[in-house]
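**Student:** Here it is: the structure, laid out below.
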Amino acid sequence: MIRRYWRIWIQMAQMSLQAQLAYPLGSFGFLIGKLMRLFFFFAFVIAIFRHTDTMAGYSLLDMAVFFLTFNLVDMTAQIFFRGIYGARRAVSDGDFDFYLIQPCSPLFRMAFTTVDFLDVATILPVLLMIGIVFARLPAGLGLGRYALYTLLTFNGIGIAMAIHIFVAGLAVRTQELENTIWIYRDIMFMGKFPVDIYGGAARWVLTLVIPIAVMVTFPAKALLGILSPAWTVYALALCAVFLAASLGFWLDSVKRYTSSSS
Amino acid sequence: MIRKYWTAYAISLQETLQRRSSLLMDRVGGVAIIVSLYYFWKALLGTKPSFLGYSGEQMLSYVLVMNILRSFVFTGRGWQLVGEISSGRISSYLVRPISYHGYTLALDLAQKTVHLAAAFLEVGVLIAAIGARVYLPHSLSTWLLFSVSVAVSSLLFFFMEFMVSSLAFWTSESGGPLFCFELGLQFAAGTFFPLDVLPHSLQKALAMTPFPYMVFFPINIYLERMAPAEAVKILGIQAVWLAFFVWAATAVWKLGLSNYSAEGG
Amino acid sequence: MLSIETRALTKNFSVPEKDPGLWGSVKSLFNRRWRQVRAVDSVSIKIEEGELVGFLGANGAGKTTTLKMLSGLLTPTSGEAVVLGHVPWKRKSAFQRRFSLVMGQRTQLWWEIPALETFRLNQVIYGLSDADYKKNLGELVDLLELQDCLSVPVKKLSLGQRMRAELAAALLHKPALLLLDEPTLGLDVVMQQKVRAFIKEYNKRNKATILLTSHNMDDVVELCPRVIVIELGRLLYDGPLAQLVSRYADHKIIRAVFDREVKAADLAHLGTVVEDGGLKAVLQVPRGQVSARAAKLLQGFPVVDLTIDEVPIDDIVRRIFTHK
């Protein structure tokens with residue numbers, strides 16, 4: 001069972017790469033664009049710190065950790081859950097009909113089988129920068145902090161996965177929410193900064209309702225040693241609840257699916 | 001003559017409203033960006049009375065006015081053009097007695113109408129919700145200069161994007177270049193932050209390009225950070241850029257068309 | 001053994017309603033009204049293993065909706081169905097491995113890359129061993145003459161080639177049941193002939209059950225000994241193609257040849273004059289009165305030759321499609 005799914009994933013990933021290479025110019029353009037965005041933003045943060053030393057109590061190095069953790073979670077989700085971006089089209093063009101009649105989980109096909117190799121190329125500079133920033137962190141943070149950072153980063157990716165599953169469910173249910181995933185992307189924009197900068201209500205929303213804080217700010221805070229154990233437990237529990245709820249929503253949406261006409 | 005474009009406008013307006021969820025999504029995304037930028041600057045300002053020569057009120061107004069400008073300036077029809085060229089649907093327009101530029105401009109205006117209304121609503125709600133204070137220009141001439149410069153920069157964007165999208169005639173997939181173009185443009189125009197943040201040399205270099213004239217300078221006119229004479233000069237430079245891009249977009253379009261028909265679509 | 005059995009299968013859809021014009025658009029932005037439409041209404045059918053059945057009806061009659069319920073894409077509003085021993089909308093993989101659905105306007109082939117890649121994907125999805133895959137693929141490639149199409153990006157294939165590649169992708173796992181929705185749509189005459197020959201051959205070779213919808217009369221007449229007709233979601237006829245005529249046509253055709261000219265107006269009281277050429281006439285006569293009218297014709301007119309025919313099957317099928 002797992003072996004068959006592994007083979008399906010490999011075959012689909014391989015097909016995605018071939019399809020991307022069929023449009024070299026377009027694909028290359030998007031790659032350059034994404035690198036540009038990363039670079040611009042980093043340059044922006046550095047430029048800001050030419051005029052000030054701290055922001056909401058954080059140093060430039062702290063801000064870099066927040067920004068890079070955001071990119072790590074965000075890009076990993078984009079690489080592996082790319083299929084969601086085509087979810088509405090898969091439903092309206094009828095590809096989803098084929099997913100449903102074949103002996104392979106339709107959620108698996110919809111969400112996880114389009115791999116974006118362009119983003120693999122964009123995550124490399126992020127990893128490199130994380131290496132540079134980590135090297136500048138004060139020595140002796142202890143292995144525990146790094147382990148917690150890794151755990152919470154994966155936890156964040158888990159929450160991202162739940163959100164992607166939820167969006168896939170919406171596409172199946174309504175067949176028209178073309179841009180739901182773009183809302184997620186835009187709201188994710190708020191995660192580029194530590195959530196502490198947001199006003200009271202916004203901060204609570206980002207921690208409890210649309211848990212971008214938990215996804216990207218918490219791992220960074222854990223690394224900087226300013227996340228309490230209670231919030232750590234909350235983060236892990238939230239991920240579990242989100243995954244269960246989104247899966248339930250997905251199953252219900254498929255049950256109500258009305259295949260597009262003709 | 002004008003009537004068919006008016007009809008295109010009206011139909012497109014209906015279409016935009018009909019796809020209400022798309023519209024909603026577009027706007028929610030925009031709100032997320034202004035909220036985060038708003039708080040970013042607020043946090044940065046902290047207790048400082050001013051930053052980079054912007055008063056607190058001016059800086060936060062920059063973000064809010066920017067949201068309205070984004071809705072009005074950065075809504076082109078480039079993606080439609082790219083799609084229609086690569087699918088070959090473009091041919092069906094070419095045989096009709098309608099100018100493609102005029103037609104898409106009518107569609108674009110419809111989109112702008114809806115988005116502008118939504119942007120005003122959002123900024124209004126935001127002001128009410130978080131008690132933001134907005135800088136309002138004191139003199140009538142500022143309002144006038146600002147309106148004209150926004151109208152010009154909106155057209156400037158339309159023709160610029162049109163030119164970049166026309167590359168699809170040669171590559172049949174200029175989605176990538178268009179994506180890069182839009183990203184670079186939004187940064188260089190000052191959509192995410194006032195360009196004053198950048199080092200002086202970079203600011204000077206950018207001033208040689210059309211980009212700062214699309215958002216950064218118009219907002220500066222609005223915030224009355226420049227003398228009226230300087231504002232008029234900005235309008236002049238905008239006009240020169242607009243003339244250039246109307247010419248360039250038309251030229252590239254013509255070249256592209258002849259290339260397209262030579263290869264038989 | 002039964003391959004398909006449905007009992008009172010019914011499906012309702014909700015469709016949004018909008019007033020015309022700009023104001024209607026603004027209104028529907030805030031308040032959308034929904035209307036219930038019954039697409040399939042209490043359809044009960046039984047299809048035996050190995051049968052080749054044509055499923056006919058005008059556009060929007062409910063054919064595709066029925067096929068989608070049979071393949072498990074849609075859950076019915078009410079009613080039951082058992083297909084290959086399974087309830088289709090439970091989507092058990094044991095069921096999915098034994099059937100296939102081909103839709104003429106849709107493709108499961110990846111557009112930018114060769115069809116062979118999609119075939120390989122189906123190999124892993126259906127869990128076919130390399131040996132089975134090679135054997136089945138070889139057979140399909142021969143039968144469908146696909147040798148030259150395998151390593152070309154799908155977008156470069158002609159419509160006919162693409163349809164045949166589509167069939168190959170759907171049949172790699174040797175399904176025992178094949179649901180075909182408009183398999184010859186848009187193909188030229190030669191290609192239609194090839195696809196038909198293939199469907200017939202596949203049915204014979206594998207004892208596969210095939211249910212097909214088509215707007216192409218030749219498909220129906222050539223392939224389907226049995227037809228099911230559906231109209232406005234209701235089952236209208238289910239039986240041999242040959243008997244469709246007597247069920248459907250309420251009249252017969254009388255052709256007469258005269259030895260001198262007869263005016264059309266003089267024949268009008270005997271039936272509807274379809275053709276009138278002076279020395280020849282073709283009349284439509286209500287089924288029950290054929291012999292009486294024929295007798296009158298023979299008595300009252302200088303008839304040299306007279307034949308009584310059923311309405312041609314083409315006309316009947318065409319009438320079903322155009323929903324008259």
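**Student:** Name the helices (runs of 4 or more DSSP H) wholly inside segment A:1-84 in which the number of residues that are more than 10 Å from chain B (Cβ to nearest Cβ), of a type in the set (Gly, Ala, Ser) and touching a residue at least 12 places away in the same chain (Cβ under 8 Å) is 2 or more.
**Tutor:** Numbers: elements: A:2-21, A:24-48, A:60-80.
Counting at least 2 such residues, we get A:2-21, A:60-80.
**Student:** On to the next question. Could you tell me how many of the residues in segment C:277-303 are in a strand (DSSP E or B) and either small (Gly, Ala, Ser) or more than 22 Å from C:Ile316 (Cα to Cα) (or both)? Please lay out each step first, then the result.
**Tutor:** Initially, segment C:277-303 is screened for residues in a strand (DSSP E or B), giving C:280-286, C:303.
Then keep just the ones that are either small (Gly, Ala, Ser) or more than 22 Å from C:Ile316 (Cα to Cα) (or both); that gives C:280-281, C:303.
So the count comes out to 3.
**Student:** Turning to a different aspect of this structure: For segment A:225-262, which positions are touching a Phe, Trp or Tyr at 6+ places or on another chain (Cβ under 7 Å) and aliphatic (A, V, I, L, M)?
**Tutor:** A:Leu227, A:Ala235
**Student:** Could you look through segment C:297-324, keep only residues that are surrounded by 13 or more Cβ atoms within 10 Å (Cβ to Cβ) and over 31 Å from the mean Cα position of the chain (by Cα), and pick out the one that is nearest to C:Ala268 (Cα to Cα)? Break it down into steps so the answer makes sense when it comes.
**Tutor:** Residues of segment C:297-324 surrounded by 13 or more Cβ atoms within 10 Å (Cβ to Cβ): C:297, C:300-303, C:306, C:308, C:310-311, C:313, C:315-321.
Then keep just the ones that are over 31 Å from the mean Cα position of the chain (by Cα); that gives C:297, C:300-303, C:306.
Details: C:Leu297: 11, C:Gly300: 13, C:Phe301: 13, C:Pro302: 16, C:Val303: 16, C:Leu306: 17 Å.
If we take residues in segment C:297-324 being surrounded by 13 or more Cβ atoms within 10 Å (Cβ to Cβ) and over 31 Å from the mean Cα position of the chain (by Cα), then C:Leu297 is nearest to C:Ala268 (Cα to Cα).
**Student:** Is it the case that C:Gln147 is without any contact (Cβ under 8 Å) to a residue 40 or more places away in the chain, touching a Cys at 6+ places or on another chain (Cβ under 8 Å) and closer than 23 Å to C:Lys200 by Cβ?
**Tutor:** no
**Student:** Only one of (1) within 16 Å of the chain's Cα centre (by Cα); (2) within 14 Å of A:Gly156 (Cα to Cα); (3) aromatic (Phe, Trp, Tyr) fails for A:Trp231. Which number is that?
**Tutor:** (1)
**Student:** Sticking with this one: When you scan segment B:197-215, do you find a residue that is of a type in the set (D, E, K, R), within 14 Å of chain A (Cβ to nearest Cβ), assigned to a helix (DSSP H, G or I) and under 30 Å from B:Val35 (Cα atoms), even just one?
**Tutor:** no
**Student:** To continue, here is another question. Hey, can you tell me all the residues within segment C:71-85 that are of a type outside the set (Gly, Ala, Ser) and either in a loop (DSSP other than H, G, I, E, B) or surrounded by fewer than 24 Cβ atoms within 10 Å (Cβ to Cβ) (or both)?
**Tutor:** Hits for segment C:71-85 are C:Leu73, C:Leu74, C:Thr75, C:Pro76, C:Thr77, C:Glu80, C:Val82, C:Leu84.
**Student:** In segment C:246-280, what residues are of a type in the set (Gly, Ala, Ser) and surrounded by 18 or more Cβ atoms within 10 Å (Cβ to Cβ)?
**Tutor:** As a first pass, look at segment C:246-280 and keep what is of a type in the set (Gly, Ala, Ser): C:246, C:249, C:256, C:264-265, C:268, C:271, C:277-278.
Those that are of a type in the set (Gly, Ala, Ser) and surrounded by 18 or more Cβ atoms within 10 Å (Cβ to Cβ): C:Ala249, C:Ala256, C:Gly271.
**Student:** For C:Leu70, all conditions in the list (1) in contact with a helix residue (DSSP H, G or I) (Cβ under 9 Å, 6 or more places away or on another chain); (2) touching a residue at least 60 places away in the same chain (Cβ under 8 Å); (3) within 10 Å of another protein chain (Cβ to nearest Cβ) hold save one; what is the number of the exception?
**Tutor:** If we test C:Leu70 against (1) in contact with a helix residue (DSSP H, G or I) (Cβ under 9 Å, 6 or more places away or on another chain); (2) touching a residue at least 60 places away in the same chain (Cβ under 8 Å); (3) within 10 Å of another protein chain (Cβ to nearest Cβ), just (3) comes out false.
**Student:** Looking at C:Leu178, C:Leu212, C:Leu167, which is the one that is closer than 23 Å to C:Glu51 by Cβ, assigned by TED's automatic domain parsing to the domain that holds C:Pro240 and in a helix (DSSP H, G or I)?
**Tutor:** One residue alone meets the criteria, C:Leu167.
**Student:** Quick check: anything in segment A:86-106 surrounded by 22 or more Cβ atoms within 10 Å (Cβ to Cβ), touching a Lys or Arg at 6+ places or on another chain (Cβ under 9 Å), in a helix (DSSP H, G or I) and away from every other protein chain (no Cβ under 12 Å)?
**Tutor:** Scanning segment A:86-106 turns up no residue that is surrounded by 22 or more Cβ atoms within 10 Å (Cβ to Cβ), touching a Lys or Arg at 6+ places or on another chain (Cβ under 9 Å), in a helix (DSSP H, G or I) and away from every other protein chain (no Cβ under 12 Å).
**Student:** Any residue that is free of Cβ contacts under 8 Å to residues at least 40 places away in the same chain and more than 14 Å from the chain's Cα centre (by Cα) - is there at least one of those in segment B:150-162?
**Tutor:** First, the residues of segment B:150-162 that are free of Cβ contacts under 8 Å to residues at least 40 places away in the same chain: B:151.
If we keep only those that are more than 14 Å from the chain's Cα centre (by Cα) as well, we get none.
The answer is no, given that none of the residues of segment B:150-162 is free of Cβ contacts under 8 Å to residues at least 40 places away in the same chain and more than 14 Å from the chain's Cα centre (by Cα).
**Student:** Follow-up question, since we're still on this one. Pick out the one residue from A:Lys192, A:Lys221 that is out of contact with any helix residue (DSSP H, G or I) (no Cβ under 6 Å at 6 or more places or on another chain), at pLDDT 85 or above and crowded, with 19+ Cβ neighbours inside 10 Å.
**Tutor:** After applying the criteria, what remains is A:Lys221.
**Student:** Within the set of pairs 6 or more residues apart or between chains, which connect a residue that is surrounded by fewer than 21 Cβ atoms within 10 Å (Cβ to Cβ) inside segment C:192-203 to a residue that is of a type in the set (Ser, Thr, Tyr) and at pLDDT 90 or above with Cβ atoms less than 9 Å apart?
**Tutor:** C:Asn203/C:Thr209
The values are calculated or read from the model by the stated rules, or taken from the named source; none is laboratory data. This one's a predicted model, so the numbers in the text were calculated from it and none came from an experiment. Positions of Cβ are generated from backbone atoms using ideal geometry, with glycine treated the same way; all protein chains shown enter the neighbour counts.
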